[in-house]
Each structure stands twice: as C-alpha cells, then as structure tokens.
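Everything on this sheet refers to the single structure shown next.
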Amino acid sequence: MCAELCGVGHSRMWGEVVVLEADRFERWLAGEDVELAAPAEEPATLAPERAAPPARESLAERGLRIAAEHGCFNCHTNDGTTHLGPTWRGLYGSAVPLAGGDTVLATPEYLTESMMDPQAKVVAGFAPIMPTFRGQLEPAAVAALIEYIRSIRRPAAVTEPSRTGAASRPESRANASDTSARGAPPAGRSRERHLP
C-alpha cells in the first residue's frame, strides 16, 4: 500500500528510533513524561543526500529550487508568458481550460495530479508532452512546488517602459522566489526556445 500512497524511494525516507529500557518504556507507554535523550548527530558521510537545505530557505524557495533541479523551467515559465507548457504565474486557484472542453480549478490536488499523471487533464492549447514525475518527487517536494506556484499566483506587475524602452517587472526583483523572468534554468544549462 505504501507505493500507492507515496511512490517509490522508501529507502530514502528517514525515521528515528528511540530505544528505552523496559521500565522507562512501560512508563512512556502509560503516558508518563519520560525524558528522551537528544538524537545523536548523524555523520555527514552516512547520508550525503540528506544535506540540510539553506537555513533560511522558505517552502516556496525550496519549490523554486526543486523546479530548477528537475528542469521544470525548460517548459514552464513564472512570468505569465507561455512556452511549451502553461505559465505558473497566476495558475494557483485559477480556472484551467482543458483540451476536452472542461474546466478545472488549479487546486493542490489538481497540481499534484498534473505532476504525477500529466496526461489525465491536458491544458487546452498545449501538446501532451509533459512527462510524469511519479516516483521521482517525494511528497515534501511536491508540496514545495505547489507552494512556489501558490506564491506567484498574482499576475506579474509590469510598469511603464523605461527610457531604454524595456518594461521592468518590480515584483520579480522584490520577490526572492522569482530569480528571473522565466525561472532559473538548471545549472550549466542554457534556456533554448524551440518554435514549431
């Protein structure tokens, strides 16, 4: 049943085991307040993939980082422009027209389904090219991605063109989770746009 609920990767799901002497365990089981020893520090060499994220990283910032690491910005944008996939700007909570003519509300459930089974509800006007992320994203990563999408639900504010003629986006500069107009491409990769 675990695989149906959260996918694969159980060996990467960490837990903590607290071992108590029999009498202390019985007191704990009876509901008494039993002082537990602080967990031992885990040597970094045992679990390098569990390296702590930056200390002040918000859930939305983590979502932005995960999106960049998984290549989401190769198809999606965060500034309101369309690309190979729908923009994430203004998506959360909006009515999404589907290819079959129906409309769905962009809720956490819909966004999760779109990541795990992207062919189930294809957005109108877009080709069904999104791959599944089932088994590739842990539930916490999905929650972070949804929080990032929620954090940019307002349309991008565009001011009057500057003297050079380019419009500026003050919200992009002020919002720490917006690192660029299109999102941050994965490290070492450039953004290419393929036109039909």
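Nothing in this text is a laboratory measurement; each read-out follows from the coordinates by a stated rule. Nothing here was measured: the structure is a model prediction, and the numbers come from that model.
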inquiry  = Please list, ordered by chain and number, the residues whose modelled amide H lies under 5 Å from the amide H of Val104; skip anything fewer than 5 residues away on the same chain.
reply    = Val96, Leu98
note = Phi-derived 3J(HN,Hα) across region 65-73 with the Karplus relation (6.51, -1.76, 1.60, θ = phi - 60°), rounded Hz, x for Gly and Pro, is 4, 5, 4, 5, 5, 9, x, 4, 7
inquiry  = Using Cα-Cα distances under 8 Å and only pairs 6 or more residues apart, what relative contact order does region 55-96 have, in percent?
reply    = 21
